[in-house]
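S.K.: Here it is, the structure, as structure tokens.
No value in this document is a laboratory result; all are computed from the given coordinates. Fair warning: this is a prediction, and the values are worked out from it, not measured in the lab. Heads up, the Cβs are rebuilt from the backbone with ideal geometry, glycines too, and the neighbour counts pull from every protein chain shown.
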Amino acid sequence: MATPLPPDAVDIVRAEARKEGIFAGLTSGLASAVIGQRLFGFKRNTTLFCGIMSGVLSGILFTQAFRDTALAQLRAEEARQRAQLDDNSSGMMSENSSI
């Protein structure tokens, strides 16, 4: 069974993912509004609606993706450190038993 991650590390991951998701949502909303207005010829209200909706939706999805990726990296790093610690402690045990 996996040990839970430290709460402060999870909080940091969530805050970073939220910041990156907000930035991704803003840029996506701006890009979709510009594309909608220039390429599709949307009027003002339709352009605003398009920009806001795509910005919010992509911001949510990017935030989830960034959070899940960062938590997976955190778990992998913790497992690597735990395995390294286990290898070091088992190596010390075999040295002590040979003495």
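S.K.: On each of the three principal axes of the Cα atoms of segment 1-59, give max minus min coordinate, whole Å, ordered largest first.
M.R.: Each principal axis gives a Cα extent; for segment 1-59 these are 54, 20, 15 Å.
S.K.: Hey, how much of the P(r) for the chain falls beyond 17 Å, as a percent of Cα pairs?
M.R.: 65
S.K.: Still on this model: Using 7 Å Cα-to-Cβ label points, what is the Lys19/Gln81 separation (nm, one decimal)?
M.R.: 2.0
S.K.: In nm, what is the difference between 0.36 nm times the number of residues separating Ser89 and Asp8 and their Cα-Cα distance?
M.R.: Between Ser89 and Asp8, full extension yields an extra 26.5 nm.
S.K.: Rounded to the nearest 500 deg cm²/dmol, what is the calculated helix-only ellipticity per residue at 222 nm for the chain, with -39500 (n - 2.57) per DSSP H run of length n ≥ 4?
M.R.: -32500 deg cm²/dmol
S.K.: Which of the listed residues, Val10, Phe42, Thr63, is farthest toward the dipole's positive end in segment 9-89, when Lys, Arg count +1 and Asp, Glu count -1 at the beta-carbon?
M.R.: Phe42
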